[in-house]
Amino acid sequence: MNRSWLAALSLAPLLGASQTLVQGASMTLLSVLAIGIHRGLMTPLRGRLDPTCNGLANILLAALVVTCQTLALQAWALELRQALGIYPELIAVSCLLFEQSLGNAAQWRRVAILLGGYSALFLLLGSSRELLASGTLHLSFTGGPASTGLRLASLAPGALLLLGLLLALINRACRNRPPKTVKETADQ
């Protein structure tokens, strides 16, 4: 499976489990923990295994980490677990995506930057969807926002449209920054 398919599959938790700010923050925390633990467990294995075994270990560790998280949610935060639906299990795809695209163990800084951007998207999308759908931010785990405003924002197609809008705004803001010099690029 190539990177573009993995990237498309990792959008499902972002769009499906970000109806509210609480759901977005929960998925952010779960994603950061799972990806960090997965990368930490893969680091000593990466150089010792051949590519086939490395891929199998990658899949098994991602499934192990996400299953442990899901069981912990079920034991200690059942209401949140039910509100998030199947999306915590799909974090395993994000673990695989990060491992496939950033396999080198020396790229922790790049992983942290990408996780920060992914987390910011979860939080922005969750708060935007909740504000558009209900007009206020609630701090409860149950269900989605009460649709007193724009109903489309509480649905998955509305999340896709809102994500496109947010990414266009971010792209527009980044385009106005001065370009990096050759020296700044070499330092990274």
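Summary table below
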quantity	calculated
Leu137 paired with Ala112, simple spin-label distance in nm, labels 7 Å along Cα-to-beta-carbon	2.5
Per-peptide average of other Cβ atoms within 10 Å, ordering 61-69, 94-102, 114-122 highest first	94-102, 61-69, 114-122
Solvent exposure, largest accessible area first (probe 1.4 Å, DNA, RNA and ligands not counted), of Leu152, Leu166	Leu152, Leu166
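The values are calculated or read from the model by the stated rules, or taken from the named source; none is laboratory data. The model shown is predicted, which means the values in this text are computed figures rather than measured ones. FYI the Cβ positions are ideal-geometry reconstructions off the backbone, even for glycines, and counts take in every protein chain you see. Just the protein is used for accessible areas: all its heavy atoms, side chains included, with ligands, DNA and RNA removed. Shrake-Rupley method; radii C 1.70, N 1.55, O 1.52, S 1.80 Å.
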